[in-house]
Amino acid sequence: VFMVRRKQWYQRRVRGYCNILMDTVPQYSRPPEDQSLECIQAAIKESRLDCVAQWIANKHVTLSSAIANVLLCNCQCRTRCDCQSGTLALAVYRGINDHEMLIHCLTRQGALYRAIHYAKKQGMGKPEFLYLLKTLPSIDLSALLVLEEGLNIGEVLQCLKENHHDNIFIGFLRVLNESSDLKNTLLLDESPESIEWEEFIEICFELGEKEVAEELQAFTISSDAMTKAVNLVNDEEDERKGFELGEEAIRKAVESLSPRNPQTDP
């Protein structure tokens, strides 16, 4: 009981100190980062996010990544974030121009189009999008990156598989198949040869998605056939060019060996 009362007394003292400090801001200046962080932490412990929101709106605290991180850690949302703490964290990240974490917060809130649009304005592209998918995977984000942003489906699937997001992996493929977009995205795919299509097919069969697995299988077979055909054409073209170069070399050799007309003095 004594320890509880002592803790309550200490928290009241800290809260009183923070309130006095914030009241003096209009007459003097904002407290530095460390004191601002201390006030935010005290308000969070007291579940007074309304005070935090007021201080941030009135510019009574010096914003920092530490404050934003504390607010983000206070968020208890398991899936889509819709809490005040997450919203305040987003506001702080925006205030300090932390672009990556701002995009992170927008994605957590389900504002995917805003997140991707903002990322593109900051010059971000495929590497950053795939990292975002790695850290905050979802079927909606996967579909947006492939159908709207033109990322290769193979690279998106590889990202999901490597990070063990099997449920999202198969859910994403199922959504594409049900919307009749799977075949078209496969035809447009330009993923590197390192993409493990055979493993994708095995996962689909293991998870009972036979129709999707067969679609991927048909794609890999046709892709292999196309690659072999292109290679054959290239080989034939190389052979033809080699033959022509050989003929040209022989012609020049013959010309160099032919007797020349002797030159006569004028």
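The values are calculated or read from the model by the stated rules, or taken from the named source; none is laboratory data. Here the structure is a predicted model, which means the values were calculated and not measured. Because the Cβ atoms are built from the backbone with ideal geometry, glycine has one as well, and the counts that use them run over all protein chains shown. Heavy atoms of the whole protein, side chains included, go into the accessibility calculation; ligands, DNA and RNA do not. Shrake-Rupley method; radii C 1.70, N 1.55, O 1.52, S 1.80 Å.
Here are a few things to note about the model shown:
- Inter-residue pairs, beta-carbon under 6 Å, first without any contact (Cβ under 8 Å) to a residue 12 or more places away in the chain and within 14 Å of LYS126 (Cβ to Cβ) and in the range 181-193, second outside any loop (DSSP other than H, G, I, E, B) and of a type in the set (Lys, Arg), 6+ apart: none
- When residues in the range 165-183 are screened for being charged (D, E, K, R) and closer than 16 Å to PRO137 by Cβ, 2 of them pass.
- The range 42-79, subset in contact with a Ser or Thr (Cβ under 6 Å, 6 or more places away or on another chain) and farther than 17 Å from GLY95 by Cβ, residue surrounded by the most Cβ atoms within 10 Å (Cβ to Cβ): ASN74
- Summed over the range 174-194, the residues that are out of contact with any Leu (no Cβ under 7 Å at 6 or more places or on another chain), farther than 14 Å from LEU145 by Cβ and open to solvent by less than 40 Å² (accessible area, probe 1.4 Å) give a count of 2.
- Sole residue being modelled with pLDDT of 90 or more and either farther than 26 Å from CYS83 by Cβ or among the hydroxyl-bearing types (Ser, Thr, Tyr) (or both), chosen from SER29, SER47, SER36: SER36
- Selection count where residues are of a type in the set (Asp, Glu) and farther than 13 Å from LEU132 by Cα, scope the range 94-120: 1
- Candidates GLY123, GLY154, filtered to the one that is assigned to a loop (DSSP other than H, G, I, E, B), more than 22 Å from CYS81 (Cβ to Cβ) and not polar (S, T, N, Q): GLY123
- The residue that is most open to solvent (accessible area, probe 1.4 Å), counting only those in the range 195-225 that are in contact (Cβ under 8 Å) with a residue 12 or more places away in the chain and assigned to a loop (DSSP other than H, G, I, E, B), is LEU207.
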